[in-house]
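Taken together, the values in this text are just the output of simple stated rules run on the coordinates, not laboratory data. Since the model is a prediction, treat every value here as computed from it, not as a measurement. Note that each Cβ is placed from the backbone with ideal geometry, even for glycine, and that neighbours are counted across all protein chains shown.
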Amino acid sequence: MPRGKKPYFRIMKNWAGNYTYSTSTVHEATSVEEVRELVQKHDRLKVLGTRHCFNGIADSMNRFLSLAQMNRITGLDIARQTVTAEAGVRYGDLATWLHERGHALHNLASLPHISVVGGCITATHGSGVGNGNLATAVLAIEFMTADGEIVTLSSDREPDRFFGGVVNLGGLGVILRTTLAVEPAYSVHQTVYENLPLEELGDHFGEIMSAGYSVSLFTDWRQGQIDSIWVKGRAGQAPTAELFGARAADRNLHPIKDIGPEHCTEQRGVAGPWHERLPHFRMGFTPSSGEELQSEYFVPREHSFDAILAIARLSEEISPALLISEIRSIAEDELWMSPCYRQASTAIHFTWKPDWATVRGLLPLIEAQLAPFQARPHWGKLFDLPHARLRELYPKLPEFRELLLHYDPRGKFRNDYLDKLIFGK
């Protein structure tokens, strides 16, 4: 960083407001040279992203490095069908830029507000039985190691390190750029179906989750039913008036019944650009419900309905603390620390009211119910599983730990979260 350019100081919370970061010192960088100077100068630091995690995964006791101003989209390679973006780029901005040039990503998360790097390094996922999570679009990452060296890992060179390094939980180094696979732009139509009994879901789970390119189920667990099914279809997947007894809504809806749909993407089967339909929420509006907590667990797809029934048995305990649950399917991948590593998965997501004392007590109950199904947690959300259990659930965790030590032997980019959950300290 140029001499004389000083950090700013601000008490910061995460996006939901439930987590206060342990330092208020933030250094901004606008170039690779400034990043290198900061990395070489300080013994400990963490990169600050769009702050959409609900736990301490991105926290620092010392200082943050912000790359928000390094937000250029540096290249669209039409021949190779790839795009390269700097670390500060958000999905909504990248999606708009790509669409204007006739291209698209294969998947998007529910929120377009998160950064590309943050979404990938935590294996944030989107939806679709045939769609891998956001990180599966990554073809190469360029990052700076603890000693200031720039390293590129790609899928066609050193594949082992690449598969270990993409979902790196912020411990590998400072991600400078990512290269992603793209495809020609496509249109999507979104139809919401209401009131599906759980019995019908059990009889037709595979058909329902395959009813569109991307499918989300929403329930508050109170009525023994799925309250709404959000089906996002591509060309050739025409919407129907009914889905196994659930009727297509004739109005736009919000996943949470008591909230208006103004901030949601267009529904009722109206086709539109992929980036305006795959997320549940529009880029220009406040997403979801505001202050909230989130947890999420991934189970192997073959155990999907049994896991859903296990959660339904906790409805009396869960529902008073819950805003909504979302159930989605995601394809398997080869990324070591992805919850979908070598298993096609169904994710059961909980959006909680902002009452941490209650949620903290519920997490062990949920994890006990899901334990027989080898449920893996979302790294950026709230869970109670210890290092020993994570070691059982993630077979490549020892190799991942060695990869972090290889590029960061003194732990410059580690924090309490990584020390506890990955290194078992």
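General remarks:
- If only the Cβ of Lys and Arg carry +1 and only the Cβ of Asp and Glu carry -1, the dipole of the stretch 266-425 around its Cα centre is close to 340 debye.
- Amide H within-cut-off set for Val270, under 5 Å, with H built and near neighbours excluded: Gln190
- Fewest-first sequence of Arg177, Arg36, Arg247 by Cβ atoms within 10 Å of each Cβ: Arg247, Arg36, Arg177
- Here's how it looks for Tyr186: its modeled amide H is under 5 Å from those of Trp274, which are all 5 or more places away or on a different chain.
- Least to most buried among Arg80, Arg301 (fewest other Cβ within 10 Å first): Arg80, Arg301
- Relative contact order (%) - criterion: Cα under 8 Å, at least six apart; region: the stretch 8-66: 43
- From phi via Karplus (6.51, -1.76, 1.60), per-residue ³J(HN,Hα) for the stretch 47-63 in Hz, x at Gly/Pro: 7, 9, x, 8, 6, 9, 8, 9, 10, x, 4, 9, 6, 9, 8, 10, 6
- Residues considered: Leu153, Leu108, Leu365. Largest GNM mean-square fluctuation over the chain, using C-alpha springs under 10 Å, is found at Leu365.
- Straight-line cross-link partners of Lys353 among the lysines, defined as a Cα under 24 Å from its Cα and at least 8 positions apart when in the same chain: Lys13, Lys257, Lys381.
- In order through the stretch 372-385: 3J(HN,Hα) via Karplus (6.51 cos²θ - 1.76 cosθ + 1.60), integer Hz, x for Gly, Pro: x, 9, 6, 6, 9, x, 6, 5, x, 10, 7, 8, 10, 6
- Label of the coordinate-derived value, semi-axes √(5λ) of the Cα gyration tensor in Å, listed as (1) 33, 29, 20; (2) 34, 25, 20; (3) 42, 27, 21: (2)
- Distant-in-sequence amide H partners of Val47 (H built 1.01 Å from N, under 5 Å): Leu65
- Shown in residue order for the stretch 104-113 are the 3J(HN,Hα) couplings computed by the Karplus curve 6.51 cos²θ - 1.76 cosθ + 1.60 at θ = phi - 60°: 8, 8, 6, 7, 9, 6, 4, 10, x, 7 Hz (x for Gly and Pro).
- Proximal lysines relative to Lys41, as straight alpha-carbon distance under 23 Å, when same-chain residues fewer than 8 apart are discounted: Lys5, Lys6, Lys412
- Centroid-to-centroid, using Cα positions, the stretch 197-241 and the stretch 350-387 are 24 Å apart.
- For the stretch 132-259: rounded, prolate or oblate by the Cα gyration tensor [a/c cutoff 1.5]: prolate
- Taking Lys and Arg as +1 and Asp and Glu as -1, the other residues whose beta-carbon sits under 10 Å from that of Ser319 total -2.
- Every helix of 4 or more DSSP H residues in the chain counts as -39500 (n - 2.57), and over all residues that averages to -6500 deg cm²/dmol at 222 nm.
- Charge dipole of the chain about the Cα centre (unit charges at C-beta), most positive-ward option of Met337, Phe413, Ala248: Phe413
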